[in-house]
Amino acid sequence: GPDSIYFTADDGLRLCSCSPAINTGSNFAVSGIVEDISNNPRIFNGIVDMGAYEYQSTNLTNAKTFFVNASVTGLNNGSTWSNAYKELKTAIQNTCADTIKVAQGIYNPAINSKDSSFYINRFLNIYGGYPNFGNPTDAQRNADRYPTILSGNIGVQSDSTDNARVVMHIRCADTTVS
């Protein structure tokens, strides 16, 4: 990891809150092993996880749909419209998401880096055009009335030389952006 020290918290791959590997290992297979590779308890929540790292939370989700709305003030965890992520890039980075619903607004891939873009390297459905108020349904989705704009204008609004070079980079043929 970044600290260049093996077996610390910044090393390796981690389980995310929706991983099917959580609580599916064999406690018998790890008998006598009390810590995972990062020195955390090897068994958390009663059943060992598959892999070298034990997920250290009871906050699990089966959700696959997450929400983005720059104008809400909720928990910023994407779980509902009222707790929507404020930034699209955060939702795209959520590996549990297979569908992202985006409310009306302007979303930038970065604050000031011309080399930043919304980078998608897995199957993902992104749908814009939802109202940025209330708890909108799919029936209320209307891109003409509630435009969702992905903008590369990341610097001075009147200066086109400081814009992002690429707004969205999609590396998966099955991705839908609508």
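The values are calculated or read from the model by the stated rules, or taken from the named source; none is laboratory data. The shown structure was predicted, so the numbers you read here are calculated from the model rather than taken from an experiment. Cβ sites come from the backbone with ideal geometry, for glycine too, and all protein chains shown count toward neighbours. Remember, those area values only see protein heavy atoms, side chains included, never the ligands or the DNA or RNA. Shrake-Rupley method; radii C 1.70, N 1.55, O 1.52, S 1.80 Å.
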task = Give segment 123-154 a look and list any residue that's in contact (Cβ under 8 Å) with a residue 24 or more places away in the chain, among the polar types (S, T, N, Q) and under 16 Å from Val68 (Cβ atoms), or say none.
result = Asn125, Asn132, Asn135, Thr148, Ser151
query = If we scan segment 127-146, do we find a residue that is under 28 Å from Arg14 (Cα atoms), in contact with a strand residue (DSSP E or B) (Cβ under 6 Å, 6 or more places away or on another chain) and either open to solvent by 70 Å² or more (accessible area, probe 1.4 Å) or among the aliphatic types (A, V, I, L, M) (or both)?
reply = no
remark   = Filtering segment 118-166 down to residues that are under 18 Å from Lys101 (Cα atoms) and aliphatic (A, V, I, L, M) yields Ile120, Leu124, Ile126, Ala139, Ala143, Ile149, Leu150
key: Counted residues, segment 150-171 - those being over 10 Å from Ser117 (Cβ atoms), out of contact with any helix residue (DSSP H, G or I) (no Cβ under 8 Å at 6 or more places or on another chain) and exposed (fewer than 12 other Cβ atoms within 10 Å of the Cβ)   = 6
